[in-house]
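Just below is one structure, and these are the notes that go with it.
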Amino acid sequence: MTALSTAEMYLQDFHQRQPGVTSAAFGHLPARSASAHHASSYAVLSSLIADTDTPLTVLDLGCGDGHLLGLLAARQQPQLQLIGIDMSAAELAAARATLPPSVRLQQGRAQALDLASAAVDCLVSHMALMLMDDMEQVMREIRRVLRPGGQFAAIVGRTFLLGEVNDAFMDVFKPIANDALPPLRFGDRRAGSEAGWRELLDGGFAHVAFDDIDVPWSPTPHALWAALLDTYDIDRLDDVARQRLRQAFLDAVRCLQRADGTIATGWGSRLVRAQAA
C-alpha cells in the first residue's frame, strides 16, 4: 500500500488494538429513519441490496470485521458475489474468521482500489468514508469500479450523540480537548453535510438522496462512558485528561437521568445514496 498519512496510521493502530469495535457499537442497536425501522444501521444498507437470482457484485468499502458482509452472506443468494476491502489487517482477520470462504477480502486503501473498472454493481460502506483522506480521489475510485447505473450507499456520521447528551458532552469535552488533544484531522469536512456530499458526488453520480438514520440508545451514564472510551478522540487522550473528562461528563449528564437511571441518547448518522452516471 501507499505510505499512510498520520491519521491513517492512527486508525490502523486503533483497529489493530480493537478489531470489531464498530460492529460492537452499532450491530446490536436498532436504527430508524423517518420512514422505516431496521434491526441496525448495517441492516439499513443490507436492505438496499436486491434479493435477486441474477448475478450481483457488492463491494463493502471499509468492511471492518465483516458484519455487513455477514448479513448479506446469510441470504445465501447463489449469484451474489461479495467483496470486502479494508486497510486494517486485524479487522480483515476477524472478518475471515466468521465469513464463508466465498467472500473475497482484500487489504487496501479506498484511494487505489485493486479492482477492475466497472466491476461492481453496488458499493456500500458503513461509518468509514467520513474518515478517509483525499475524498475526491476516493470518489473517483468508487465511480471507476461501479458499473454505469450502479448503486452507491453509505452510512456516515451526522452528529456524535443524540439529544441533550450531545450538548452536555461537547460542553465538557471541548475545553479538555483544547488543552490535551494533539491535532489530527480525520477525513474531509464535506463528508459531514448534505451540501458537501452533493459536491463530492457532483459529476460522476446522479439521483443523490439522503436520510437521517438515528440509532437510539438508553444506557446508564457509566455504560455510555464505557462506549465513549472506544471512540477515536477519547482514545487519543492521555490518562489524566481522560479521567478529567470522565468525571466532568458524569457530572454533566446526572441531571439528564430518568427515573430508571438511564439517559436518552444514541448515535446520529446519515444515509447517502446515489447512482453512478
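The values are calculated or read from the model by the stated rules, or taken from the named source; none is laboratory data. The structure displayed is predicted, hence computed values, not measured ones. Glycine also receives a Cβ, built like all others from the backbone with ideal geometry; neighbour counts cover every protein chain displayed.
Within segment 72-94, which residues are in a loop (DSSP other than H, G, I, E, B) and of a type in the set (S, T, N, Q)?
Passing the criteria: Q76, Q77, Q79, S88.
Provide a single number: the residues in segment 14-28 that are part of a loop (DSSP other than H, G, I, E, B) and either small (G, A, S) or more than 14 Å from D86 (Cα to Cα) (or both).
The total comes to 4.
Which of the residues that make up segment 141-169 are more than 23 Å from L56 (Cβ to Cβ) and of a type in the set (K, R)?
Once the filter is applied, which keeps residues that are more than 23 Å from L56 (Cβ to Cβ) and of a type in the set (K, R), segment 141-169 yields only R158.
Got a number for residues in segment 34-53 being among the hydroxyl-bearing types (S, T, Y), at pLDDT 95 or above and more than 16 Å from S125 (Cα to Cα)?
Matching residues across segment 34-53 total 0.
With under 28 Å from D134 (Cα atoms), within 22 Å of the chain's Cα centre (by Cα), at pLDDT 95 or above and in a helix (DSSP H, G or I) as the only criterion, which of W225, W267, W197 stands out?
Among W225, W267, W197, only W197 is under 28 Å from D134 (Cα atoms), within 22 Å of the chain's Cα centre (by Cα), at pLDDT 95 or above and in a helix (DSSP H, G or I).
Being out of contact with any Pro (no Cβ under 8 Å at 6 or more places or on another chain) and in a loop (DSSP other than H, G, I, E, B) narrows it down to one residue among L48, L11; which is it?
Matching residue, one of L48, L11: L48.
Just to be sure before I move on: is A97 without any contact (Cβ under 8 Å) to a residue 24 or more places away in the chain, surrounded by fewer than 17 Cβ atoms within 10 Å (Cβ to Cβ) and in a helix (DSSP H, G or I) in the structure I sent?
yes
Out of L82, L59, L92, which single residue is surrounded by 22 or more Cβ atoms within 10 Å (Cβ to Cβ), modelled with pLDDT of 95 or more, over 17 Å from the mean Cα position of the chain (by Cα) and of a type outside the set (D, E)?
Only one candidate passes the filter, namely L82.
Could you tell me how many of the residues in segment 1-43 are surrounded by 13 or more Cβ atoms within 10 Å (Cβ to Cβ) and within 15 Å of L131 (Cβ to Cβ)?
15
Looking at segment 244-277, which of its residues are buried (at least 22 other Cβ atoms within 10 Å of the Cβ) and under 17 Å from F173 (Cβ atoms)?
Matches in segment 244-277: L245, F249, I263, T265, W267.
Quick one: in segment 228-264, of everything that is part of a loop (DSSP other than H, G, I, E, B) and of a type in the set (S, T, Y), which residue is nearest to the chain's Cα centre (by Cα)?
Restricting to residues being part of a loop (DSSP other than H, G, I, E, B) and of a type in the set (S, T, Y), the top hit is T231.
How many residues does segment 44-56 contain that are touching a strand residue (DSSP E or B) at 6+ places or on another chain (Cβ under 7 Å), closer than 21 Å to M130 by Cβ and surrounded by 17 or more Cβ atoms within 10 Å (Cβ to Cβ)?
Summing the residues that are touching a strand residue (DSSP E or B) at 6+ places or on another chain (Cβ under 7 Å), closer than 21 Å to M130 by Cβ and surrounded by 17 or more Cβ atoms within 10 Å (Cβ to Cβ) in segment 44-56 gives 2.
On the given criteria, is F186 part of a loop (DSSP other than H, G, I, E, B) and within 26 Å of W217 (Cα to Cα)?
So F186 fits the description; yes.
Look at segment 182-207 and say how many of its residues are within 20 Å of G268 (Cβ to Cβ) and of a type in the set (F, W, Y).
Adding up the residues that qualify gives 2.
If you take the residues of segment 100-113 that are without any contact (Cβ under 8 Å) to a residue 24 or more places away in the chain and not polar (S, T, N, Q), which of them is surrounded by the most Cβ atoms within 10 Å (Cβ to Cβ)?
The extreme case among them is R104.
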